[in-house]
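Before any comments, here is the structure.
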Amino acid sequence: MTTETPPSGSRKSRWSAQTWFNVVLLAMTLLLGLSAIIGATVLRNAAAASTRLIDHISVGRIQAERLQATLLNQETGVRGFVLTGKEEFLQPYLDGRRDELAVSAQIGRLAPGAEPLRALQEVERLAAEWRTRYAEPMIAKVRDESPKSVSAEQSEESKRSFDAVRKAIDVQNTAWGQARQSARADLEAAHAVRDATFFGILAAFLITIITVAVLLKIAVFGPLARLREASRRVTMGDFAHHVDTGGPADLAELADDMEAMRGRIVNELEEARGSRLRIAAQAEELKRSNAELEQFAYVASHDLQEPLRKIASFCQMLQQRYASQLDERANTYIDFAVDGAKRMQVLINELLTFSRVGRITREPVEMDLNDVIDRALSNLSAAVEESGAEIEVGELPAVVGDRTQFVMLWQNLIGNSLKFRDPDRAPRVTIESERIDGEVRMTVTDNGIGISPTFAEKIFIIFQRLHQRDAYEGTGIGLALCRKIVEQHGGTIRLDTEYDEGARFVITFPAEAVAPERQEESGREDSSEITVGTVP
């Protein structure tokens, strides 16, 4: 089996996948921190510009307008007092004088630069000059004399002096208007910088995410995809495909491990192929050997038994023809020869039967074990009637197998129970079935002489007998034949060594060996028992 060369484009990285993820996480953290710092700075600048416009420039401009109103109130109050001489007309002047001091102090604190401050100082200077040179003297003169004591020339000069104050106020308002426009421009610029910064941060995040995705695809996900494809190809049977994905160090190590595993699989496949060839050769040899065994069985059943029949026949003819000339010992010897020939025939037949199990099989069929036991009991009817046995058979499952072999199985088990019965009581044989842990267990229980637990395995060995030949007939092959039949059908058979009121054989078959339509039925715990054969 040839293997593909590794792709030239796969390079191994000294970084592991975890290292790549840590680097990506660190880069994202740094980008996030830097973006947070820049964003906070931009927001702070925008907030400062907004605060300067709203809390300083706008308030200062309002206070400048209030200063203008206080000065106008002063001028109006002085003019009304000079015309009427009434003190109540002087109240606006006094209130305006008091408010002027507070408003001027606040404007001085809010002045955004030198120009509004100079304008304020000029207004205060001109207002003080107007009060000193015109307002205060005219008020004093009216109080000392009368309103008519103030001449028209003094009133005109006072008006011209206050017009200078009006011009200074206009200059101040202009300065505050320019400061407001400048602050508004700064705020708009700060907003523009803020928007541009956030768009830049968003673009940086998008570019970073795309870059990270591309890098991860090249460095991590690409090798992972190649590794997945390589493992899928190997799993589907393409063992010639070389596994070399490159990428991070840990993925490369995993690919090397998979490649080593692929190499071992290839080697094991080569060994398995060689084993299959050897098994095929052995199977062919076994087939040839089975053919020879069948030929041997034919010879044994015909050619070997023919001389035995002749020996038995001629010995009996010799005994009949020369009976008057033979003494008792010669007759005994002839009886021994005839009995030996007959027993040799039985042994040959039993051995042939044992050898055919598992070697000569029929097509498996589904059978009801109750029907099979009925057939076995029919074959044992004479022994059942002679012994007066009572045989009870519960509801048994249907199985799939060789019907003839199952008849032999039950015939041997029931026949043993009848053969090795207790001479002091009538034989009783009970056959039951139950499902335990996914298996079907059947038991054959009798009340005979029993079997010692010491011989629990010996009884299943061919030609092993526990009794003398003159005590119980048989060749010692029956239970060995039963075990071979059960194991041929995937089950087990054993002696229940805990049962001491006779003998109990336990036969276990996997659930797969039971026919589907009878599996549930065989598992009933309360399966009814029926008496199959009884003799009163």
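Where a number appears in this text, it was derived from the coordinates with a stated rule and is not lab data. All values reported here derive from a predicted model rather than from experimental measurement. All Cβ positions, glycine included, derive from the backbone under ideal geometry; neighbour counts span all protein chains shown.
Between I436 and R109, the simple label model (points 7 Å from Cα in the Cβ direction) yields a spacing of 10.2 nm.
Please identify every one of the GluC sites (Glu not before Pro) in segment 395-462 that sits in a loop by DSSP and has no more than 14 other beta carbons within 10 Å of its own beta carbon.
On the way: sites: E395, E432, E434, E439, E457; in loops: E395, E457.
Answer in residue order: E457.
The length gained by stretching the chain between E386 and L25 to full extension, at 0.36 nm per residue less their Cα-Cα distance, is 120.6 nm. A cut-off under 14 angstrom between Cβ atoms defines the neighbours of R425, and their net charge, with Lys, Arg +1 and Asp, Glu -1, is -3.
If you add up the charges near P112, with Lys and Arg at +1 and Asp and Glu at -1, over every other residue whose beta carbon is less than 15 angstrom from its beta carbon, what do you get? If you can, show how the numbers build up before the last one.
Values: positive: R52, R61, R109, R118, R180, R184; negative: D55, E115, D186.
My count for the surroundings of P112 gives +3.
Here the peptides 210-218, 107-115 are ranked by packing, the mean other Cβ count within 10 Å, and the order with the highest first is 107-115, 210-218. Under the convention that each Lys and Arg Cβ holds +1 and each Asp and Glu Cβ holds -1, the size of the dipole of segment 67-138 around its Cα centre is about 80 debye.
When averaged across all projection directions, what area in nm² does the alpha-carbon convex hull of segment 22-82 cover? Display every interim value, and only then the final one.
Working: hull surface 15.1 nm².
If I average the Cα hull's projected area over directions, I get 3.8 nm².
State the Cα centre-to-centre distance between segment 258-291 and segment 129-205 in whole Å. That distance is 110 Å.
Among residues other than G39 whose Cβ falls under 14 Å from its Cβ, what is the net charge (Lys/Arg +1, Asp/Glu -1)?
On the way: positive: R44, R194; negative: D195.
Result for the local shell: +1.
Rounded, prolate or oblate for segment 105-158? Axes are the square roots of the Cα gyration tensor eigenvalues, ordered a ≥ b ≥ c, and the cut-off for rounded is a/c under 1.5. Verdict is prolate for segment 105-158. Shown here: segment 55-192, whose C-alpha atoms stretch 66, 24, 16 Å along the first, second and third principal axes, sorted largest to smallest.
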